[in-house]
1. Of the peptides 60-71, 38-49, how do they stack up when ordered by the mean number of other Cβ atoms within 10 Å, highest first?
2. Step through the residues of region 99-115 one at a time and calculate ³J(HN,Hα) from phi using the Karplus curve (6.51 cos²θ - 1.76 cosθ + 1.60, θ = phi - 60°), rounding each to whole Hz and writing x for Gly and Pro.
3. How big is the charge dipole of the chain about its Cα centre, in debye rounded to the nearest 20, if each Lys and Arg gets +1 on its Cβ and each Asp and Glu gets -1 on its Cβ?
4. Would you mind classifying region 44-100 by shape? Square roots of the alpha carbon gyration tensor eigenvalues, ordered a ≥ b ≥ c; an a/c under 1.5 is rounded, otherwise it is prolate if a/b is larger than b/c and oblate if not.
5. How many angstrom separate the Cα center of region 99-114 from the Cα center of region 13-65?
6. Starting from the Cα of K33, draw a straight line to each of the lysines and keep only those under 16 Å, dropping any in the same chain fewer than 8 residues away.
7. Once you sort the root eigenvalues of the Cα gyration tensor of region 1-81 as a ≥ b ≥ c, which label holds: rounded (a/c under 1.5), prolate (a/b larger than b/c) or oblate (the other case)?
8. Just the accessible area per residue of the chain, please: how many Å² with a 1.4 Å probe?
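The values are calculated or read from the model by the stated rules, or taken from the named source; none is laboratory data. If you're wondering where the values come from, they're calculated on a predicted model, not measured in any experiment. All Cβ positions, even for glycine, are placed from backbone atoms using ideal geometry, and neighbour counts span all protein chains on display. Note: areas computed on protein heavy atoms with side chains; ligands, DNA, RNA excluded. Shrake-Rupley method; radii C 1.70, N 1.55, O 1.52, S 1.80 Å.
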Amino acid sequence: MTTPAQHEQISQRFLDHAEAEFEKGDMLQASEKGWGAVAHYVKSVAKERGMREGAHWHINAAATEMIKHLDDRRLPTVKLNSANGLHRNFYENDMTEEQVREGLDSARELIDDLKEAARRMPPP
């Protein structure tokens, strides 16, 4: 079973892989690694706090709950939607290179937002 710390490490590794895949021109893999980075970060917090994190919708619910602890919720919510778009792109291949770039930037920023949210959440 993957520990919260391992999920956080995987998240960082996937961010790096997303950038490498983008540079190689593989928008599908860049997209999925970008989404995976967000998903694994959310899993790291969710596991520590006893939140469900097994299915895609659990990850979205956990991220949404985390975002509630931020002062400005609108922009992180937009970033979460963008990360979900990256996941969809892996299956649909309907995003331009520019859209994938924006999605990866949003994924990285969202993880930073979620780190702040996790710090603000009450202890488990």
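1. With the highest mean Cβ count within 10 Å placed first, the list reads 38-49, 60-71.
2. 5, 5, 4, 4, x, 5, 4, 5, 4, 4, 5, 4, 4, 4, 4, 5, 5
3. Details: 17 positive and 22 negative charges, 141 e Å.
Dipole size: approximately 680 debye.
4. Working: a/c = 3.42, a/b = 1.51, b/c = 2.26.
It is oblate, given that a/c is not under 1.5 and a/b is not larger than b/c.
5. Their Cα centres are 10 Å away from one another.
6. Result set, ordered by chain and number: K24, K43, K79.
7. Verdict is oblate for region 1-81.
8. Per residue, the chain has an accessible area of 54 Å².
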